[in-house]
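> Sending over a structure as structure tokens; questions will come in a sec.
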Amino acid sequence: MALDTAKLIKLMNEGLEMEHASHIQYVTQAAITTGPYAEGLIARFEEIASDEAEHAKILRARIAALGGTPTTKVGEIQIHQDSLKAVKINLKYERQTVDFYRKLLNLIPHDEVILSQEHVEELERLVSR
Ligand SMILES: [Fe+2]
Ligand SMILES: [Fe+2]
């Protein structure tokens with residue numbers, strides 16, 4: 001599968017929008033999380049938010065290296081007052097991201113997919129408790 005550069009930049013910018021949204025979603029979720037497991041959840045949400053910011057940074061650099069302009073758009077964001085519901089929302093979002101990167105597997109380095117896959121597995125463990 002060979003995509004032309006313009007198409008690749010467009011797709012990577014779609015990924016960047018998702019990473020922006022993920023970052024904001026996790027930092028916001030961290031700020032509103034309360035309850036018995038709040039401390040651990042907040043710490044983890046903040047760590048994942050940092051991962052998402054790092055993913056965005058990597059994508060931005062690659063888009064620029066290809067001669068494109070990294071987007072400043074932000075994808076859809078969903079947060080929830082209920083921590084379990086929030087984790088489920090995040091899990092859905094992570095899965096969408098993994099699916100998206102799988103489609104780009106031949107174009108985007110594999111470590112990107114593996115990083116998001118780690119988030120999916122962790123959130124699955126959280127919601128199955
Ligand atoms: Fe990410
Ligand atoms: Fe992620």
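> Label-point separation (nm) for K92 and V127, each offset 7 Å from Cα along Cα-to-Cβ?
With each label placed 7 Å out from Cα toward Cβ, I get 0.8 nm.
> On full extension of the chain, what length is gained from F100 through Q117, given 0.36 nm per residue of separation minus the C-alpha to C-alpha distance?
Taking F100 through Q117 to full extension adds about 5.0 nm, to one decimal.
> Helix-only mean residue ellipticity at 222 nm, the chain, DSSP H runs n ≥ 4 weighted -39,500 (n - 2.57), per residue, nearest 500. What is it?
Values: 4 runs with 95 residues, N = 129.
The helix-only estimate for the chain comes to -26000 deg cm²/dmol at 222 nm.
> Further question on the same structure: Computed from the mean reciprocal separation of all distinct C-alpha pairs, what Kirkwood hydrodynamic radius does the chain have, in Å?
So the Kirkwood estimate lands at 15.0 Å.
> Then there's this: What FRET efficiency would be calculated for the residue pair E47, T69, taking the C-beta separation as r and a Förster radius of 41 Å, to the nearest 0.05? Working shown, then result.
Numbers: r = 29 Å, r/R0 = 0.72.
The formula returns an efficiency of 0.90 here.
> If you stretched the chain out fully between I32 and A61, how much longer would it get, using 0.36 nm times the residue separation minus the C-alpha to C-alpha distance?
Answer, rounded to one decimal: 7.3 nm.
> If the limit is 22 Å between Cα atoms, which of K7/K92; K7/K73; K10/K88 go over it?
K7/K92; K10/K88
Read-outs: derived from the displayed coordinates by stated rules, not from any lab. Every value quoted in this text rests on a predicted model; they were computed, and no experiment measured them. Quick reminder, even Gly has a Cβ in these numbers, built from the backbone with ideal geometry, and neighbours come from all protein chains shown.
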